[in-house]
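Report on the following structure.
The values are calculated or read from the model by the stated rules, or taken from the named source; none is laboratory data. In this text, all values refer to a predicted model and were calculated from it rather than measured experimentally. Using ideal geometry, Cβ is built from the backbone for each residue, glycine included, and neighbour counts are taken over all protein chains shown.
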Number of protein chains: 2
Amino acid sequence: MKLARRAHRVRIAGFRFAGVRCGLKTRGPDVALVVAEPPAVAAGVFTTCRAPAAPVQLARRRLLGGRLSAVLVHAGNANACTGREGLRTASVATALVGRLLGVPDDEVAPCATGRIGVQVPRARLLRGVRVAAAALRPDGFPAAAQAITTTDAFPKTAVRRLRLGGRRVTVAAFGKGAGMIAPRMATLLVFVVTDASVSRGAARRSLTAAVEGTLNAISVDGDTSTNDTVLLLASGAAGNPRVAAGSGAHLRLTRAVTEVLEEIARLVVLDGEGTTRLVEILVRGARSATDARRVARAIGDSMLCKTAFHGGDPNWGRFVMAAGNAGVPIDQERVDVTIGGVAVARRGRPLPGALGKARARMRRREVRIVLDLHLGRGEGRIVAADLSLAYVRFNAEYTT
Amino acid sequence: MKLARRAHRVRIAGFRFAGVRCGLKTRGPDVALVVAEPPAVAAGVFTTCRAPAAPVQLARRRLLGGRLSAVLVHAGNANACTGREGLRTASVATALVGRLLGVPDDEVAPCATGRIGVQVPRARLLRGVRVAAAALRPDGFPAAAQAITTTDAFPKTAVRRLRLGGRRVTVAAFGKGAGMIAPRMATLLVFVVTDASVSRGAARRSLTAAVEGTLNAISVDGDTSTNDTVLLLASGAAGNPRVAAGSGAHLRLTRAVTEVLEEIARLVVLDGEGTTRLVEILVRGARSATDARRVARAIGDSMLCKTAFHGGDPNWGRFVMAAGNAGVPIDQERVDVTIGGVAVARRGRPLPGALGKARARMRRREVRIVLDLHLGRGEGRIVAADLSLAYVRFNAEYTT
């Protein structure tokens, strides 16, 4: 997989973008604005955290209508754990966007990333909104991608092109990372924009399906942010026949959305603060796909497994330990473990002499670990970062 | 709380102990034997991991009878992820104990801690069993406590004395730690021995109740070992009237068991490899005690919270984030947060100016964090270690 370290310079018909500075971060642009004219069909997926940030609470409500004219994102302050005052800030800022663009407030979705537990300096944000509205351009995609980053080493974008109903369609995404990259700003924000014409239901189903196996299948540090938001906006400007749920075109669109999100997901893990190794954990032979995913996640989230990843240690016993704690049935006497293609355990027992070779594989920058539970046909996977000294240093040394 | 760094030199009527070396660890004693004559009333609590080690599988079966004549513990190899050969090793070793002592095999419980995924050198272990059987002494408690340690900095013991039915009774415990102290040997083993006379049912209930709020309420790294075992053995040699379940004497016995386990639990967290700070998280006002405990554990297990503990950072937003991910209802607009007695957030909003004072409190070696959810009367707590550079170094640098 090619990982672009620079934002794609892409235009998507029907959209304008801006990325400007208002001073929420110590430096660099920190306000992004995405505008669809006419309003785009929209779908969203939000954090499952039961203490969602103010922007998430508001955006969730505004997505109910299934269309959006604008998305306002600010970086540097997540507007989380800020109570009613925080909700008011999100509401006032999006109202200003509506007024400046001449669209209804409830077609403007707010998103934020940054410090939590601190009120947003409202006047500064509103100033940023004005500057952003004046800076909107059809080629502003890279500027917006840059403006939503916090401690990310690079902006994260991905683009796919496909044909739908004889028309050329573009699916582009930009996002920022969570956890290791953004310790005090633990947030995943991803925006998918396309000029495809697509029905509301099809847009929602494409996004939900695509998120499941990509952004929902990574583990940086196992913490779920108060602000996680993924939005899909479809302008319809490509002029293709409207994509209906369940059609062949819908399948192809979903595949393109999945591909851009997969690329963003890997960029997020790779750019994790302190990440030195990217480990894909594939679990096969579980009773169900859900069981398989839970086992994979238990391994990917375990601190003992993550430190083994970091040390390049083919410590398969730890993986079985974590699998045993996933809360799903396993029979350790059936488990096969493979590390980077080297079988290290069969039917729960060590294979003599395999560890040396497995260690060499485990030390690569990207490793795949496969557990076959031999209990059924369920399969699931997760992409995990290791746990490094840099992660701890970064997250411990920051003080509020 | 006084934390003894040296094993208590205690005798408990009805028991003999030994701690000897057979060579499973690179140095120091590594085989412990505890013998009750006549057989002791016994109760046990085991790991919930679904890949339990061979000794756990065997010990669990042998506890069904409710009495034990001996417990055989070896350190250095956990006999986990070893399949049928591992079960055979545990079976053969306990059979040898039975033969040497003239007791039935099924009154001998095996326990182990150490590396996982590697077969136990059986001949070496059997040699150790013979040496241990010959070394049994009424004053061998400290030797046994030392022999079960792995990377522990010191043996962990606790003693309480009480009167039951006019007789002087001793409750003593020895244990070893998990996770941070025993990264590649992630195991918690604790043995409670008492000369009290107690019914099987009362013994079981005392142990279960005592474990719940103590050993089950700590978080070193959130990983549950394949080998965790807590056993209670009661010889009855004190001559008190047999303690029946639900009696006043039973309550007092349970309290004593709880106290020794609480002491062992704190020693385990404090002696965690890399632990620099011990954080008690108390959650109040939850809908139930179970909810409260889940919220406390979510905070205590979160990598972002643990790194904040390490940095002495009063980052209460992270605590609310983790609480929001505990899977239980919370209303962030009701949450109060107190750090070391300093209120930092009320009704989900930051209290201006509180962080400076809270930071000083957060930097103490022991800190208490209180979250009041204001949803009900449920209360629960957990004692957590921080996540330090030393933890990562220790666990990453070890290679199988």
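Which condition number does A:THR47 fail, the rest of (1) within 14 Å of chain B (Cβ to nearest Cβ); (2) at positive phi being met?
Checking A:THR47 against (1) within 14 Å of chain B (Cβ to nearest Cβ); (2) at positive phi, the one that fails is (2).
Among the residues that make up the stretch B:20-33, is at least one of them within 14 Å of chain A (Cβ to nearest Cβ) and within 20 Å of B:VAL190 (Cβ to Cβ)? Can you show your working first?
Let us first name the residues in the stretch B:20-33 that are within 14 Å of chain A (Cβ to nearest Cβ), namely none.
Within the stretch B:20-33, not a single residue is within 14 Å of chain A (Cβ to nearest Cβ) and within 20 Å of B:VAL190 (Cβ to Cβ).
Check whether at least one residue in the stretch A:137-148 is in a loop (DSSP other than H, G, I, E, B), on the phi < 0 side of the Ramachandran plot and modelled with pLDDT under 95, and report yes or no. If you could, list the steps in order and put the result at the bottom.
Residues of the stretch A:137-148 that are in a loop (DSSP other than H, G, I, E, B), as a first pass: A:138-140, A:148.
With on the phi < 0 side of the Ramachandran plot added as a condition, the list becomes A:138-140, A:148.
Add one more test, that the residue is modelled with pLDDT under 95, and what stays is A:148.
Checked the stretch A:137-148: at least one residue is in a loop (DSSP other than H, G, I, E, B), on the phi < 0 side of the Ramachandran plot and modelled with pLDDT under 95.
Only one of these is assigned to a helix (DSSP H, G or I) and within 20 Å of the chain's Cα centre (by Cα): A:ARG5, A:ARG60. Name it.
Numbers: A:ARG5 fails: assigned to a helix (DSSP H, G or I).
Only one candidate passes the filter, namely A:ARG60.
Picking from B:ALA40, B:ALA32, which residue would you name as being under 22 Å from B:VAL129 (Cα atoms), hydrophobic (A, V, I, L, M, F, W, C), at pLDDT 95 or above and in the same structural domain as B:VAL198 (by TED's automatic domain parsing)? First the steps, then the outcome.
Details: B:ALA40 fails: at pLDDT 95 or above.
After applying the criteria, what remains is B:ALA32.
Whether any residue in the stretch B:182-189 is within 11 Å of the chain's Cα centre (by Cα), surrounded by 23 or more Cβ atoms within 10 Å (Cβ to Cβ), at pLDDT 85 or above and under 26 Å from B:VAL243 (Cβ atoms) is what I want to check. Explain how you work it out, then say what you get.
Step one: of the stretch B:182-189, the residues within 11 Å of the chain's Cα centre (by Cα) are B:187-189.
From what's left, surrounded by 23 or more Cβ atoms within 10 Å (Cβ to Cβ): B:187-189.
Checking the rest, the ones that are also at pLDDT 85 or above come to none.
Looking for residues that are within 11 Å of the chain's Cα centre (by Cα), surrounded by 23 or more Cβ atoms within 10 Å (Cβ to Cβ), at pLDDT 85 or above and under 26 Å from B:VAL243 (Cβ atoms), one finds none in the stretch B:182-189, hence no.
What are the pairs, 6+ residues apart or on separate chains, where a residue within the stretch B:325-336 that is in the same structural domain as B:GLY348 (by TED's automatic domain parsing) and among the charged types (D, E, K, R) has its Cβ under 7 Å from a residue that is modelled with pLDDT under 90 and assigned to a loop (DSSP other than H, G, I, E, B)?
So the pair list comes out as B:GLU333/B:GLY348; B:ARG334/B:GLY348.
What helices (runs of 4 or more DSSP H) lie completely within the stretch A:287-361 and have 2 or more residues being within 9 Å of chain B (Cβ to nearest Cβ)? Explain how you work it out, then say what you get.
Details: elements: A:289-301, A:303-311, A:316-324.
Filter on the stretch A:287-361 gives A:303-311, A:316-324.
Of all residues in the stretch B:45-69, which are in contact with a helix residue (DSSP H, G or I) (Cβ under 8 Å, 6 or more places away or on another chain) and either surrounded by 24 or more Cβ atoms within 10 Å (Cβ to Cβ) or among the β-branched types (Val, Ile, Thr) (or both)?
Hits for the stretch B:45-69 are B:VAL45, B:THR47, B:CYS49, B:ALA51, B:ALA53, B:ALA54, B:PRO55, B:LEU58, B:LEU68, B:SER69.
Kindly list the number of the only condition in (1) surrounded by fewer than 17 Cβ atoms within 10 Å (Cβ to Cβ); (2) within 24 Å of the chain's Cα centre (by Cα); (3) farther than 30 Å from A:ARG242 by Cβ that fails for A:VAL131.
Every condition holds for A:VAL131 apart from (2).
For (1) in contact (Cβ under 8 Å) with a residue 60 or more places away in the chain; (2) under 19 Å from the mean Cα position of the chain (by Cα); (3) assigned to a strand (DSSP E or B), each residue gets a yes or a no:
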{"residue": "B:ALA80", "(1), (2), (3)": "yes, yes, no"}
{"residue": "B:LEU87", "(1), (2), (3)": "no, no, no"}
{"residue": "B:ALA90", "(1), (2), (3)": "no, no, no"}
{"residue": "B:ALA93", "(1), (2), (3)": "no, no, no"}
{"residue": "B:LEU96", "(1), (2), (3)": "no, no, no"}
{"residue": "B:ARG99", "(1), (2), (3)": "no, no, no"}
{"residue": "B:PRO110", "(1), (2), (3)": "no, yes, yes"}
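Check B:ILE281 against each of (1) in a helix (DSSP H, G or I); (2) of a type outside the set (Asp, Glu); (3) within 27 Å of A:ASN325 (Cα to Cα) and name the one condition it does not meet.
All conditions pass for B:ILE281, except number (1).
Can you give me the number of residues within the stretch A:362-400 that are among the hydrophobic types (A, V, I, L, M, F, W, C), part of a helix (DSSP H, G or I) and modelled with pLDDT under 90?
Restricting attention to the stretch A:362-400, the residues satisfying the condition of being among the hydrophobic types (A, V, I, L, M, F, W, C) are A:362, A:367, A:369-371, A:373, A:375, A:382-385, A:387, A:389-390, A:392, A:394, A:396.
With the extra rule that they be part of a helix (DSSP H, G or I), the set shrinks to A:362, A:389-390, A:392, A:394, A:396.
Restricting the remaining residues to those that are modelled with pLDDT under 90 gives A:389-390, A:392, A:394, A:396.
The number of residues fulfilling the criteria is 5.
Have a look at B:THR338, B:THR307 and point out the one that is over 17 Å from A:ALA51 (Cα atoms) and crowded, with 24+ Cβ neighbours inside 10 Å.
Details: B:THR338 fails: crowded, with 24+ Cβ neighbours inside 10 Å.
It is B:THR307.
Run B:ALA298 past the list (1) hydrophobic (A, V, I, L, M, F, W, C); (2) under 25 Å from the mean Cα position of the chain (by Cα); (3) over 25 Å from A:ASP228 (Cα atoms) and report the number of the one that doesn't hold.
(3)
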